[in-house]
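Read the structure below first, then the notes.
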Amino acid sequence: MSLIRCCGVLACLLPAAAFAKPIAYQGGTAVMGEYGAGTMQEFQVFYAPSYRWSAGAGHLRLDDEDQSFSRDISYVRGNLLLKRWNLPRAQANVFTWGGVGRAVGDGFADPQTAWNAGGQADYETLRVYSSLRTDWQYAREAFSHRIDTVQLGWAPYAHDWDRLATWFVLQGRHYTGGLYQGGEAAALLRLFRNGRWGAAWAEAGVTQDGALQTMFMFNF
């Protein structure tokens, strides 16, 4: 494959690639959901008027591993692309986000104003993917929870734009605020497909404790 052709393929593939990004592409809507081994469940919808920013809403439920408390947080959020590097055979991105919402749950009597902030850095080719993400939920005098996630992925073949892509992903995650003690590791199988209607991605696997970890995303 010539360098010019390779760059053209990457230009089509990478901006809408099979990885959870808060901004898919200009004019696109991203719908994402995650079930995180019984500790976190999240659903999000974002619309991107520009490839540099998007806005939307989400709902997050957090449960500690001992099932002694839970929190439900509904929020609105804005996402910003801080920097993108379009390389000859790869792409790298840095995103940040922030939002505000309403939290209810154990440990506080009345609904609380909850703040959200976070960021993500990623690097990807047609065969290799890596990302580092942090997401912080905070309500004054009620709770402070941060979820840090690192992912490393490998594709056994370089997929064409409209063909099914297969990825093997290793994930490490750390929770704060009493949600989970120690680090949590997971092994995942990820499937991704582009089409004229948009793009779809689904992944599933298990943690070292045998708990289910799943995620889906639709871009259209």
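The values are calculated or read from the model by the stated rules, or taken from the named source; none is laboratory data. Note that this is a predicted model, so its numbers are computed, not measured. Counting neighbours? That spans all protein chains shown, and the Cβs are built from the backbone with ideal geometry, glycine included.
Taking the criterion of being in a strand (DSSP E or B) and either more than 19 Å from the chain's Cα centre (by Cα) or hydrophobic (A, V, I, L, M, F, W, C) (or both), the residues of segment 139-158 that qualify are 139, 143, 144, 147, 150, 152, 154.
Quick one: what pairs do we get from segment 48-76, first residue at positive phi and exposed (fewer than 13 other Cβ atoms within 10 Å of the Cβ), second assigned to a loop (DSSP other than H, G, I, E, B) and at pLDDT below 95, C-beta under 9 Å, 6+ apart or different chains? Close Cβ pairs satisfying both conditions: 67/38. Selection of segment 180-207 for residues being touching a Leu at 6+ places or on another chain (Cβ under 6 Å) and either of a type in the set (Val, Ile, Thr) or closer than 20 Å to residue 163 by Cβ (or both) yields 193, 202, 203.
Within segment 129-147, the set of residues being under 27 Å from residue 110 (Cα atoms) and of a type in the set (D, E, K, R) comprises 135, 140, 141, 146.
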